[in-house]
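Report on the structure given below.
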Amino acid sequence: MCADRTAGFARLYDITERVLPPGLDTREPSQMEATRYLLKRGLDGLGVATAIRDGRDYYRLKPRDQVKAALSELVDSAEILRVTSTAGPNRRTRRPATLDGDLTLPEHRPTLLAAVRTI
């Protein structure tokens, strides 16, 4: 496992037991645990989205029934919240901290940071 990098981006390797922090859960998650984790992480990246269509598509989660079951568990435990939206008939969801930050729009116009030029 990569333990460090040098100035020239060379990697220094060591055995996993010495690199990972003590007490870290290294067991392999069940399929449902992985689905719940990836669904939450996808919604963190999306902000407000339809959990079944957008959240499921973020990591291409399958099968659909399993994603629905994971969503139901996450809503029941308040790890994902339902949001009412005027944008359409689909039910939207978000993570609890999504709307807790500063929601003011910047005064400047967005700036294009990089562009791809095709020939």
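Bear in mind that the values in this text are calculations on the coordinates, not laboratory data. Remember, predicted model here, so these are calculated numbers, not experimental data. Cβ: placed from backbone, ideal geometry, glycine included. Neighbour counts: every protein chain shown.
Here the chain is treated with +1 on each Lys and Arg Cβ and -1 on each Asp and Glu Cβ, and its dipole about the Cα centre works out to around 580 debye. Extending 7 Å from Cα along the Cβ direction at Thr104 and again at Arg11 yields two label points whose distance is 4.4 nm.
Each Lys or Arg adds one and each Asp or Glu subtracts one; over the other residues with Cβ under 12 Å from the Cβ of Asp44, this totals +3. Label-to-label distance for Asp57 and Thr86 is 2.4 nm, based on points extended 7 Å past Cα in the beta-carbon direction.
The alpha carbon convex hull volume per residue for the stretch 30-98 rounds to 78 Å³. Among (1) 263; (2) 183; (3) 114, only one was calculated for this model; which label is it, if the read-out is volume of the Cα convex hull per residue in Å³? Of the labelled values, this structure produces (1).
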